[in-house]
Every structure is written in C-alpha cells, then in structure tokens.
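The values are calculated or read from the model by the stated rules, or taken from the named source; none is laboratory data. Computed from a predicted model, the values in this text were never measured in an experiment. FYI the Cβ positions are ideal-geometry reconstructions off the backbone, even for glycines, and counts take in every protein chain you see.
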Amino acid sequence: PFSLSSTSPWPPPSCGPGQSWAFVDLHSLICSLSYTGSRAGRFRNQGQIGQLAGHFLLCSLRPGSGVGFWRKSAEPGDVLAAHPHVLWYSKDRVLIRSKRSVAFNDPRYPEQWHLHNDVNRGMDINVTGLWERNITGRGVTVVVVDDGVEHTHQDIQPNYSPEGSYDLNSNDPDPMPHPDAHSDNHHGTRCAGEIAAVPNNSFCAVGVAYGSKVAGIRVLDGPLTDSLEAIAFNKHYQVNDIYSCSWGPDDDGHTVDGPHPLGKAALQHGVIAGRRGFGSIFVVASGNGGQYNDNCNYDGYANSIYTITIGAVDEKGRMPFYAEECASMLAVTFSSGGNKLRSIVTSDWSMQRGTGCTEGHTGTSAAAPLAAGMVALMLQVRPCLTWRDVQHIIAFTATKCDSSADWRVNGAGFHHSHQHGFGLLNAWRLVNAAKVWESVPFLLSYQSPLIQEAVSIETYPDELIRTWNVTSDDLKDSGMRTLEHVAVTVTITHPCRGNVELVLVCPSGMASVIGARRAIDRDTGGYQDWTFSTVRCWGEKAEGQYKLRISDHKEPQLQKCADPGVLKQWKLSLYGSSMTYIEVKDRLVKDAMSGKYLDDSFSPPCPPGLDVPPEIVSPFTSNSLRVKLFVLTLVHFKGPTLWTLGLIFDILGPMSDLKTTGLKHLTPEASQS
C-alpha cells in the first residue's frame with residue numbers, strides 16, 4: 001500500500017518517460033484508490049504536487065519492474081478513469097518551452113561582438129539581460145551632434161526624432177548628411193546606428209538602446225564657430241536627453257584647444273537647465289592621438305567637468321594603438337583594435353555607393369555612442385538621474401580591465417588608471433545601480449585665489465613644487481566635504497611646451513599626471529590660462545594640502561628648447577558635494593547588482609523637475625546668455641551663492657571669441673589625415 005498524504009512543497013521526483021500521471025482526488029478519499037493501485041502494483045506515489053492540495057503525481061510501473069505489471073485490458077488511464085474518487089487526471093507530457101532570450105533577424109547582429117561576445121567571453125557591454133527585461137532606452141532621446149544623420153535609413157527611421165533634430169550648417173530642420181568629395185559624411189549615421197538601430201527588420205544590425213529615439217544635429221559639415229557650437233550644445237535641450245559627440249580638436253600631439261567662451265557657457269547652461277533641470281548628458285570621445293603621444297587633458301571637451309569622457313579598448317580589453325591617456329578620463333568601452341581584431345558593426349549611410357551597413361566603425365568615435373546608448377538605458381529606469389548622478393554611477397560600477405594599466409586605488413576606494421579611467425562600462429551594472437540611486441546633493445565648488453608669480457621651472461629630475469592648503473574654514477561657506485573633479489588653471493611660458501610635465505597630488509597622496517609630456521609639441525606659446533582636470537581623487541576628502549609638481553624634461557640636443565620655462569600664475573579649483581566620505585561609500589550599488597530591483601517596483605521617488613522653456617527663441621548673445629544662466633541658476637540652486645555666481649562669470653568671462661574651430665571626427669583614420 002502507499003499513502004498520498006504527502007504535503008512536501010518541493011517538486012516531486014520525475015518518473016520515466018511516459019510514466020507520470022497527475023490526478024485530483026475528490027474529497028481526499030484515497031484509501032480505495034490506494035488499494036486498487038497497490039493490489040496490482042501498478043502505481044508508485046510521488047506525493048503532492050507542490051502546494052496544490054488534493055493534486056498528486058503517480059508513476060505507473062512498467063513490466064519487469066519487480067512489483068507487478070499492467071494487463072492489456074488495464075492501462076493506467078483506464079484505472080484512473082474508472083475510479084469513483086478521481087475527479088480529473090492527465091498524463092504528464094514534456095512541454096516545449098524556450099528561454100525568453102533575445103534573438104534578432106538582423107543579418108549582421110551575430111557579428112556585433114560588443115553586444116554579445118561569443119569568442120572572448122565577458123568582453124562585451126553585458127546588455128542582453130537588460131533587453132530581456134524590456135530595458136531598451138524607451139522614453140529617452142539621444143542626439144548625435146555630427147555631420148548629419150541619414151534619418152530615412154531603414155535602421156534609423158522608425159526611431160528618428162525630428163523634434164530633436166536640426167541642420168545648423170544649412171539652417172533648416174533636416175539634418176540629412178550632404179554628399180562630399182571624400183565620402184566622409186557617413187560619420188553621424190554610423191554613430192546613430194550604434195545607439196538606436198531598430199531590431200528585427202532583417203537589415204544590418206541592432207543598436208544598444210534600440211528602444212530609444214535618436215536625433216541629429218548637423219554642425220560639422222562646414223565652418224564651426226564658437227557661437228554655432230554653443231547653439232548645438234543646447235539645441236532642443238528639453239527634447240534631447242543625451243548629446244553624443246564623437247569629435248574634438250586635432251589629435252596631432254601638439255594641439256591645445258577646446259570649447260571657447262560661448263561653448264563653455266552652453267555646456268554649463270545645458271547641465272543647469274537641460275532635461276527639465278536634471279541636466280543634459282554630454283558624452284564626448286577622448287581622442288585618437290595615441291600614435292602621436294597625444295593626451296586628452298589637452299582637449300578642453302574631454303577636460304570639462306560637464307562632460308563624460310569616454311575612451312576605447314579593443315575586444316580583448318586592452319588599450320588600442322590610437323587611444324589617448326588622461327587624468328580626466330571617466331571610463332572606456334569597446335571599439336576597434338589592431339589589424340587582426342574586429343571593429344564595430346553598425347548602420348552606414350546609403351549615399352555615394354554606401355551599402356547602409358558597415359563592419360568598419362572605429363576609434364573613440366565608435367566608443368562614445370555606445371556609452372551614450374548605455375546612459376539611455378539608465379535613464380529609462382530612472383529618468384530623474386542628474387548629470388552628476390550619471391558620473392557617480394560610472395565611477396561606482398566601471399570594472400577594471402587590462403592588468404598592464406597603471407591602476408591605483410584612491411583614498412575613497414575607487415580604482416582609476418590614466419588609460420581607462422574608472423574602468424570598463426558594464427550596462428548591467430550601470431542600470432541596476434541607476435534603478436536604486438538616490439541623487440547626490442548639489443554641486444559645490446571652491447577656488448583658491450589666483451596665485452601670481454614668475455618662477456622658473458626646474459629641469460628634471462628636479463621639480464618646481466607649489467602647494468595650497470584647503471582648510472575646513474575655507475570649505476565652510478560652500479559646505480563641500482568630498483571631491484569629484486579637481487582642476488588646476490595655469491599660465492606657463494616655455495620655448496617647447498611639450499617638454500613640461502605637471503602632476504597634481506591630492507591630500508590623500510593620489511597623484512594625477514594632468515599635463516603629460518608630448519614629444520612633438522614644440523609650440524613656443526606655452527599655456528595661457530589652460531585648465532587641467534582630474535577625476536582620480538573622486539570621493540576623497542576635500543580638506544588638506546594639494547601639491548602641484550612641475551618639471552622640464554629638456555632634450556640637450558635641441559638648442560631651441562634650452563631656455564627655462566616659467567610658471568606665471570596658477571589657481572586650484574575643487575568641485576564636489578556635501579556628502580561625507582562615509583556617505584559616498586554607503587550606497588546600495590553592490591546590493592543591486594543581482595538584478596533583484598529591476599524586477600520589482602522599488603525605486604526612490606523622482607522629483608518632477610523644472611518647467612524650463614523648450615527653446616531659446618531670442619538671439620544667442622553673450623548678454624542673453626549671462627541673464628539666462630543667472631536666472632536659471634537662482635531657480636535651480638534656490639538662491640545665489642558665491643560659488644555659483646563665481647562659476648558662471650568665470651566661465652562666461654569675455655565672450656567675444658567667435659573664431660572658427662577646427663574639429664576632427666574621432667576615428668583613427670581622421671587622426672592620421
């Protein structure tokens with residue numbers, strides 16, 4: 001005899017193929033059935049099915065099992081059907097079920113190793129688990145600021161946002177790229193495809209945030225002035241959430257350039273007033289001048305506290321030949337490598353014999369759009385992330401790669417290298433952290449007085465050392481406790497400025513090479529009020545002694561470089577928040593990495609944001625910018641403070657520079673041209 005009274009919650013053991021039967025016992029009167037089954041040795045009881053009271057699993061016994069067999073006239077189903085206390089029965093069958101994993105019919109999707117790497121496991125952005133949860137960038141718009149976007153492209157058209165687009169070169173709403181002599185104006189279309197190419201249209205590839213909208217601002221196909229660039233940075237800034245910029249000054253190893261006064265003001269205006277006051281997200285490529293020993297601290301876009309500076313690694317997680325180093329690097333993601341390594345597969349323009357698809361998108365030009373797409377995934381799960389929240393989450397979640405890099409752990413426990421920033425972006429980690437993230441307090445700043453002196457720079461191995469002590473009294477007015485960005489602004493004269501090296505040491509002892517040597521920079525102009533910045537002291541205590549070390553690495557054979565350099569003046573600027581060191585570390589980030597918060601409704605409440613006019617209609621002049629920035633700052637920060645006013649007018653300064661700026665797409669080919 002056997003008993004059917006088991007109430008175990010565990011799944012019953014499986015029977016052999018075709019031997020399992022489920023049934024419902026009416027009124028739990030099972031004694032008669034037990035007698036019938038056991039008399040012929042026809043069933044073995046497997047117990048109750050889970051938590052379903054009165055539901056049991058029986059295994060029918062085959063001939064030769066040693067406990068009986070079925071006669072032809074008494075099959076298991078016949079016995080159960082004839083029994084008066086069996087209300088329902090069914091033979092258990094193997095069900096065909098498939099995992100809800102992503103599968104696309106786009107023919108080049110299998111080649112998009114940066115999205116799913118089957119060759120080098122783990123060397124991808126770790127995004128497919130988010131797609132399976134329908135996190136695709138829905139509700140977020142990314143604008144590609146570039147040479148145009150072919151918005152009629154079948155991979156782009158369904159996700160195209162005309163509301164966020166504009167052609168500043170031709171002054172009309174259509175950012176369609178124009179054919180050119182060298183067929184170079186495909187750049188913006190490639191970047192747009194990386195971000196938001198639609199899936200399952202049987203064409204080309206898939207974007208990292210294929211549920212997002214993508215817009216285009218055409219601005220690089222003609223002379224670019226300071227005022228034009230400023231308009232681009234704020235164009236449709238209540239529609240566009242993220243600005244993807246895969247371009248910058250020449251990566252030639254001797255250029256020092258960046259946004260001019262209007263461009264700087266527009267970046268600040270964007271983080272204050274863009275995206276309903278949560279701040280526009282500016283993602284910039286770090287540059288491709290590695291073969292020229294270039295460094296992104298000489299690129300004012302990559303050096304800005306308002307941007308997210310993204311570098312590149314190849315599919316093995318190593319620094320490619322074209323990649324640049326700098327202390328302001330926030331993170332890296334995947335792009336092309338050497339000749340034997342794969343590049344990025346993405347959409348391409350169909351003009352001038354273009355096929356609409358390419359496997360040859362390269363350089364940090366390809367890395368920055370991937371990062372922009374990952375930020376779009378973050379904003380879907382938490383739309384009220386501020387521009388600084390995004391920077392913090394990157395610092396918390398990026399992972400170490402490339403053991404040959406100069407990784408150092410700072411005083412707050414963050415690892416950083418000049419080659420890879422805080423590390424490799426991981427979409428899963430970014431989004432899980434974003435889901436539970438509580439916004440950081442308002443940005444605070446401190447500036448030392450302008451220290452004017454004319455002192456010669458020592459020849460290496462000697463150094464000119466300057467220090468500045470920041471006391472608790474200095475920080476009392478602003479309330480700043482911990483650091484985010486640290487900047488030093490210098491004026492230096494030197495006959496060969498590439499020989500000069502500047503190292504900043506924070507109070508913790510964390511050192512940053514903020515001004516690296518550049519062998520081919522023989523410019524005699526030195527540095528005129530150039531600001532170098534670092535993120536390597538992120539989260540550390542702001543109070544303490546800061547040390548600036550400057551050395552001159554002279555080359556004896558070059559007589560033109562023999563004269564000593566002179567430090568004319570310098571100034572220290574700190575940017576951070578009122579969070580304590582403990583508050584910086586005490587976050588839910590690690591606890592969220594399992595994904596458990598993605599599957600429930602838990603999330604800190606989101607504030608509504610500001611009611612900011614969607615577009616500036618009046619002329620974009622220096623005076624109107626001053627007034628608008630002043631008013632918006634008062635609204636955003638709920639009253640003027642010395643640091644906010646000082647920051648605004650320091651950035652705006654004299655706003656008369658309307659020079660044409662020479663900019664390059666950040667692909668290795670562009671760097672070599």
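Is at least one residue of segment 460-482 among the polar types (S, T, N, Q), modelled with pLDDT under 95, over 29 Å from LEU379 (Cα atoms) and touching a Pro at 6+ places or on another chain (Cβ under 8 Å)?
no
Is it the case that GLY525 is surrounded by fewer than 22 Cβ atoms within 10 Å (Cβ to Cβ), within 30 Å of the chain's Cα centre (by Cα) and part of a loop (DSSP other than H, G, I, E, B)? Before the answer, list the steps.
Working: surrounded by fewer than 22 Cβ atoms within 10 Å (Cβ to Cβ): yes; within 30 Å of the chain's Cα centre (by Cα): no; part of a loop (DSSP other than H, G, I, E, B): yes.
No; evaluated as a whole, the condition is false for this residue.
So which residues in segment 578-633 are basic (Lys, Arg), at pLDDT 75 or above and not in a loop (DSSP other than H, G, I, E, B)?
Filtering segment 578-633 down to residues basic (Lys, Arg) leaves 585, 587, 590, 596, 626, 628.
In the following step, the residues that additionally are at pLDDT 75 or above were identified as 585, 587, 590, 596.
Within segment 578-633, LYS585, LYS590 qualify.
Which residues, counting only those in segment 550-567, are part of a strand (DSSP E or B) and surrounded by fewer than 17 Cβ atoms within 10 Å (Cβ to Cβ)? Give the steps one after another, and end with the answer.
Initial filter on segment 550-567 (part of a strand (DSSP E or B)): 550-552, 566-567.
The one that is part of a strand (DSSP E or B) and surrounded by fewer than 17 Cβ atoms within 10 Å (Cβ to Cβ): VAL566.
If you check ARG382 against the conditions, is it within 20 Å of the chain's Cα centre (by Cα), at negative phi and surrounded by fewer than 24 Cβ atoms within 10 Å (Cβ to Cβ)? Lay out the reasoning, then the answer.
Working: within 20 Å of the chain's Cα centre (by Cα): yes; at negative phi: yes; surrounded by fewer than 24 Cβ atoms within 10 Å (Cβ to Cβ): yes.
Considered against the rule, which asks whether it is within 20 Å of the chain's Cα centre (by Cα), at negative phi and surrounded by fewer than 24 Cβ atoms within 10 Å (Cβ to Cβ), ARG382 comes out as yes.
Determine if segment 78-101 includes at least one residue that is modelled with pLDDT under 65, buried (at least 19 other Cβ atoms within 10 Å of the Cβ) and assigned to a helix (DSSP H, G or I). Before the answer, list the steps.
If we filter segment 78-101 for residues that are modelled with pLDDT under 65, which is where we start, we get 98-101.
Next, only the ones that are buried (at least 19 other Cβ atoms within 10 Å of the Cβ) stay: none.
Scanning segment 78-101 turns up no residue that is modelled with pLDDT under 65, buried (at least 19 other Cβ atoms within 10 Å of the Cβ) and assigned to a helix (DSSP H, G or I).
Among the acidic types (Asp, Glu), surrounded by fewer than 20 Cβ atoms within 10 Å (Cβ to Cβ) and either assigned by TED's automatic domain parsing to the domain that holds GLY287 or free of Cβ contacts under 8 Å to residues at least 40 places away in the same chain (or both): is that true of ASP226 in this structure? If you could, list the steps in order and put the result at the bottom.
Numbers: among the acidic types (Asp, Glu): yes; surrounded by fewer than 20 Cβ atoms within 10 Å (Cβ to Cβ): no; either assigned by TED's automatic domain parsing to the domain that holds GLY287 or free of Cβ contacts under 8 Å to residues at least 40 places away in the same chain (or both): yes.
So ASP226 fails the test.
Would you confirm, using the coordinates I've provided, whether ASP252 is modelled with pLDDT of 95 or more and in contact with a strand residue (DSSP E or B) (Cβ under 8 Å, 6 or more places away or on another chain)? Explain how you work it out, then say what you get.
Values: modelled with pLDDT of 95 or more: yes; in contact with a strand residue (DSSP E or B) (Cβ under 8 Å, 6 or more places away or on another chain): no.
No; evaluated as a whole, the condition is false for this residue.
Considering only segment 155-172, state which residues are in contact with a Ser or Thr (Cβ under 9 Å, 6 or more places away or on another chain) and of a type outside the set (Gly, Ala, Ser).
So the first thing to find is which residues in segment 155-172 are in contact with a Ser or Thr (Cβ under 9 Å, 6 or more places away or on another chain), and the list is 155-156, 159-161, 163-164.
Passing the criteria: ASP155, ILE156, ASN159, TYR160, GLU163.
Run LYS72 past the list (1) at pLDDT 80 or above; (2) over 24 Å from the mean Cα position of the chain (by Cα) and report the number of the one that doesn't hold.
Only one criterion is unmet by LYS72, namely (1).
How do the pairs read when you match residues in segment 536-557 that are in contact (Cβ under 8 Å) with a residue 24 or more places away in the chain and on the phi > 0 side of the Ramachandran plot with residues anywhere that are assigned to a loop (DSSP other than H, G, I, E, B) and crowded, with 17+ Cβ neighbours inside 10 Å, using Cβ under 8 Å and keeping only pairs 6 or more apart or on different chains?
So the pair list comes out as GLY539/ASN410; GLY539/GLY411; GLY539/ALA412; GLY539/PHE414; GLY544/CYS506; GLY544/PRO507.
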